[in-house]
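The values are calculated or read from the model by the stated rules, or taken from the named source; none is laboratory data. All figures in this text were calculated on a predicted structure; none of them were measured in a lab. Cβ atoms come from the backbone with ideal geometry, glycine included; neighbour counts cover every protein chain shown. Each accessible area value is taken on the protein alone, full model and side chains, heavy atoms only, with ligands, DNA and RNA left out. Shrake-Rupley method; radii C 1.70, N 1.55, O 1.52, S 1.80 Å.
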Amino acid sequence: MTAWLVRRCAAAIAIVFAVVTLTFLLIHLAPGTPFVPSDERVLDPAVVDGLRRQFGLDRPLGVQYVRYVVALLHGDPGYSFSLRRPIGEVLATTVPNTLLLSGAALAIDFLLGAAIGLYQAARARHRADVVLGNATLFLYSVPTFWLGLVLVLVFGQHLAWFPVGGDRNPVLYPSLSLLGRLGDRAWHLALPALTLGLVGAGGTARFQRAALLEVAGQDFIRTARAKGLHERRIWLVHTLRNALLPLITLFGLALPFLLTGAVLIETVFSWPGMGKLAADAIFTRDYPVVTAAALLASVMVVLGSLVADVLYSVADPRIRLGKGGARA
Amino acid sequence: MTPRHWAVLLALLAAAAIGALGLRAGTAGSDAARRFFRHPTAAFAVGVLLFFVLIAVCAPLVAPYDPSAQLEIVQLQNRPPSWMHPLGTDLYSRDLLSRLVFGARVSLAVGTLAMLVAVSLGAVVGLLAGYFHRWMDGVLMRLVDVGLAVPRIFLLLIAVSLWSQLPLAILVLTIGLTGWFATSRLVRAEVLSRRELAYVDAARALGAPPARVILRHVLPNAVAPLIVSAALGIGSVMLLEASLSFLGIGVAPPTPSWGNMIADGKEQIATAPWTTLSPGLAIVLVVMALNAVGDALRDALDPRREAT
């Protein structure tokens, strides 16, 4: 187990390192550069040279790369050209917002998805299953950002139950009590988290239904039924427990989905997170910010799949890691 | 919108319905088709896809106006649906139905072509990795590990930012080149399980060169999961194109795509919701149909797997 874990961690670090290199190269081979005079901005060439020197952009690519990696190892992802602040500082304020949004969405995704999947499987091929099947297919196929816009239209504009954007009330927030502040944050969180969670729940429910039906066809379920056990007990205890394993795999896959969704949903709802930061940085060609965001997202994905693998081995004693049975 | 345009629209709708029902009737004899159409939504999904493909092909006949023409910038700005403009007009007084119809061309073409790039590349990599094993497998699969580790949207954000104004062909290539990782794993797994079978050994023993063994004996057996992943792939590529266009880095205006139509309408969602709703519904319908067809194909092409 320990040897497997060490190997698995080493592989994870190697992947992250490869991602760093890849993103660095892609970004630096881009034709557009910052500080280039454009139609709107006329810059004195001497000023451009000065700025390029100041940020080390005049050095050879190799030197820039080594500097970047060394700085990264010291926990410094660089300096944002457009925001004129250290990226570490920017990320420190945006990443918690993204984690809050993704965490809430993940909870909705799995709780709702697993519940719908269980209900569908227990009534497989009946009317409720077909109706819910179409509903989950809809959620699975809908563009996240479009669902967000529709929810804004219905719940934000027409019913005015929820705010249409932002993460807090910009005027009243500082004057609110602690409880009021928590409520205000939750109120602003509701729509974006619901959008992201619903879209995820569509996929989770489809997956969970298939996993449950696969277990339900096995002999030990027939035995349980033959013993005269109550249907509810068969589904909740015997089937569900065994169908929870694939959900752990799904958890590893959910992270890239949530981070992708975050880029779009944060843009729709003006949620001040890492996804919106990255989307905005593309237009200012703020290389270090895009690289740092992509890097951080990859680290989260790699960590997520690592955690899923470990959880899987803990949850399923049939998988003996390190004895040739380990999955890379 | 003249009666002629309505007539063409209805004719295409009828053609799609007849085509889908005809397909079901015409293939009634085969086992695979029976498993395919056993899915309650399969015939309907085929009809929806046929309808949108027909609309895309016959776009100039269905669209009452030029999709990028600004008709009357004072009178026709953000008008709600009417008989003249069945889906309304947008902020720039362009007819939304015409944009939707020509947008179908762009969105469907981007989806199909990018999926073809992704699936063929994934198939080639999967075949090479699975068949030659050893070092090639190691190198290619580590590459796939890296590709899967970066959420695709970030890869695309970086790649797309390489060009300031993205040509459509490059967009298709970029989406394709970032989408083959999962397919290659799928094909590799299939090849790994095949290459040890006796009939492949027999082909090798008869002196068939690797290329022949791969193309004639291994690939045909790995084709079912490829077709399914292609059907599901078009849908996910269409969603991706829409997302990129929504962020303003996909299909460049004024060329209409369903994604940049939503982007055009998002600022006026409160005052002119029809500008956002119709392209979104079109995407949802087509992607739902593609996913339903993908599910049905999976059951149809793999008789061993029990239908769920």
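When the label point is put 7 Å from the Cα of B:Leu61 along its Cα-to-beta-carbon vector, which residues of segment B:1-25 have a backbone N closer than 16 Å? Counting only backbone N, you get B:2-19. For the chain pair B and A, the buried solvent-accessible surface (1.4 Å probe, both sides summed) amounts to about 3900 Å².
Working ranking of peptides B:204-215, B:180-191, B:49-60 by packing, defined as the average number of other Cβ atoms within 10 Å per residue, highest first, is B:180-191, B:49-60, B:204-215. Ranked by the mean number of other Cβ atoms within 10 Å of their residues, highest first, the peptides B:1-11, A:210-220, A:294-304 come out as A:294-304, A:210-220, B:1-11.
In plain terms, the chain from A:Arg84 to A:Asp316 could stretch by 78.6 nm, reckoned as 0.36 nm per residue minus the Cα-Cα distance. Taking amide hydrogens as placed 1.01 Å from N in the peptide plane, the amide H of A:Tyr79 sits under 5 Å from those of A:Ile87, each at least 5 positions away in sequence or on another chain.
Computed from point charges on the beta carbon alone (+1 for Lys and Arg, -1 for Asp and Glu), the dipole magnitude for chain A about its Cα centre is near 1420 Debye. Could you tell me which of rounded, prolate or oblate describes the protein assembly as shown, using a ≥ b ≥ c as the square roots of the eigenvalues of the alpha-carbon gyration tensor, with rounded for a/c under 1.5 and, failing that, prolate when a/b is larger than b/c and oblate otherwise? Rounded, because the longest to shortest axis ratio a/c is under 1.5.
Phi angles across segment A:115-121 convert, under the Karplus curve 6.51 cos²θ - 1.76 cosθ + 1.60 with θ = phi - 60°, into 3J(HN,Hα) values of 5, 5, x, 5, 4, 5, 5 Hz, Gly and Pro given as x. Reported to the nearest whole Å, the Cα centre-to-centre distance from segment A:117-169 to segment B:1-51 is 28. If R0 is 51 Å, the Cβ-Cβ spacing of A:Trp187 and A:Ala14 corresponds to a FRET efficiency of close to 0.75. Counts of other chain beta carbons within 10 angstrom of each beta carbon in peptide A:147-153 average 4.
Rounded to the nearest 500, the helix-only mean residue ellipticity at 222 nm of chain B stands at -22000 deg cm²/dmol, with each DSSP H run of n ≥ 4 adding -39,500 (n - 2.57). On the basis of the beta-carbon distance and an R0 of 25 Å, A:Ala3 and A:Thr249 show a calculated FRET efficiency of 0.65. Extent of chain B along its three principal axes (Cα atoms, max minus min coordinate, largest first): 76, 51, 31 Å. Whole-Hz Karplus values for segment A:220-236 come out as 5, 6, 4, 4, 4, 5, 5, 5, x, 5, 5, 3, 4, 5, 4, 6, 6 Hz, taken residue by residue from phi with 6.51 cos²θ - 1.76 cosθ + 1.60 and θ = phi - 60°; glycine and proline positions read x. Each residue of segment B:31-39 was assigned a 3J(HN,Hα) from its phi angle through the Karplus curve 6.51 cos²θ - 1.76 cosθ + 1.60 (θ = phi - 60°); the sequence is 5, 4, 5, 5, 5, 5, 7, 5, 5 Hz, with glycine and proline shown as x.
How much of the accessible area of the protein assembly as shown, in percent, comes from carbon and sulfur atoms when a 1.4 Å probe is used? On the protein assembly as shown, the fraction of accessible area on carbon and sulfur atoms equals 68 percent. Using a probe of 1.4 angstrom and keeping all protein chains present, the accessible surface of segment B:64-174 works out to 43 square angstrom per residue. What shape does chain A take by its C-alpha gyration tensor, where a ≥ b ≥ c are the square roots of the eigenvalues and a/c under 1.5 counts as rounded, a/b above b/c as prolate, and the rest as oblate? Cα axes put chain A in the oblate bin. Classification of segment A:175-256 by its C-alpha gyration tensor yields a prolate form. The axis ratio a/c (a ≥ b ≥ c) is 1.5 or more, and a/b outweighs b/c.
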